Amino acid sequence: MMDYLEQAKKEIRENWFANHMIKSNEGNEGFQRISWGKEGTRMYQVDYVLSGNMVFITGDLGDAAYSLTCRATLKNIEDFNLSYFTGKLSAHQRDRWDFDDKLAREQIKSYFLDWCDVDSVAEMDVDDKELMDELISATKEWGDYKTYEAMGVWTAYNDTDLDWFDSEMASCIADCGKRLSYSIISYWVGLQMVIEQLSQKNDEIAAN
């Protein structure tokens with residue numbers, strides 16, 4: 001089965017950006033502005049500005065800024081994978097994370113089985129299982145990552161009498177169910193597709 005990130009990239013390429021083209025490409029290395037979208041509509045339109053070591057993104061999918069440790073050129077960005085590029089995200093309008101409550105419940109259970117050194121929930125101490133159930137319940141009660149983290153995980157951490165459940169463990173539980181949002185993924189996918197289109201165009205010019 002295709003994992004989440006691969007599925008997201010496929011969805012964005014084949015549906016969001018299926019008919020996208022480079023509408024305009026102004027400037028050159030040092031300052032470049034690229035308009036990426038489908039002719040006749042601004043749906044899923046993304047505008048990229050590469051200036052100095054910064055990549056600025058605006059458009060239908062929200063605004064964002066990336067601070068690179070090298071010059072912001074398409075040649076440099078071509079070699080970036082999604083994880084590396086996203087690690088340079090310095091500001092963003094859209095949420096960085098989506099929350100998958102089903103995944104969160106699976107991960108919480110897995111953590112607790114490991115921490116309690118048992119093979120099944122039935123083997124847990126009553127207090128351990130009570131805390132796990134409280135955290136699992138929070139995934140159902142709160143529908144977004146930020147609220148789940150603040151109102152669910154850290155409230156449970158502050159209220160529990162279990163000495164072994166420390167802040168590091170609470171942080172692990174707070175990360176359960178986090179998935180990089182499609183909007184953030186789309187910024188990288190769009191850039192890669194822009195680079196592919198420009199490379200194809202250059203190859204066609206060279207062939208002629």
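Just so it is clear, none of the values below were taken in a lab; they were calculated from the coordinates. Treat the numbers as computed from the prediction; the structure is a model and nothing was measured. Because the Cβ atoms are built from the backbone with ideal geometry, glycine has one as well, and the counts that use them run over all protein chains shown.
Here are a few things to note about the model shown:
- Listed cross-link partners 75/201; 9/178; 38/88; 9/38; 146/178 are compared with a 20 Å cut-off, the Cα-Cα value being larger for 38/88.
- Of the options [x] 20; [y] 9; [z] 35, only one is percent of Cα pairs over 32 Å apart as computed from these coordinates, and that is [z].
- The fewest-to-most ranking of 43, 132, 54 by surrounding Cβ atoms within 10 Å reads 43, 54, 132.
- For region 98-180, the Cα-based Rg and Dmax, in that order, read 11.7, 35 Å.
- For the residues 186, 167, 67, a GNM of the chain with alpha-carbon springs under 10 Å puts the largest fluctuation on 167.
- Spacing of the two label points (7 Å from each Cα toward its C-beta) at residue 133 and residue 58, in nm: 5.4
- Take the Cα of residue 195, step 7 Å toward its Cβ, do the same at residue 119, and the gap between the two points is 4.8 nm.
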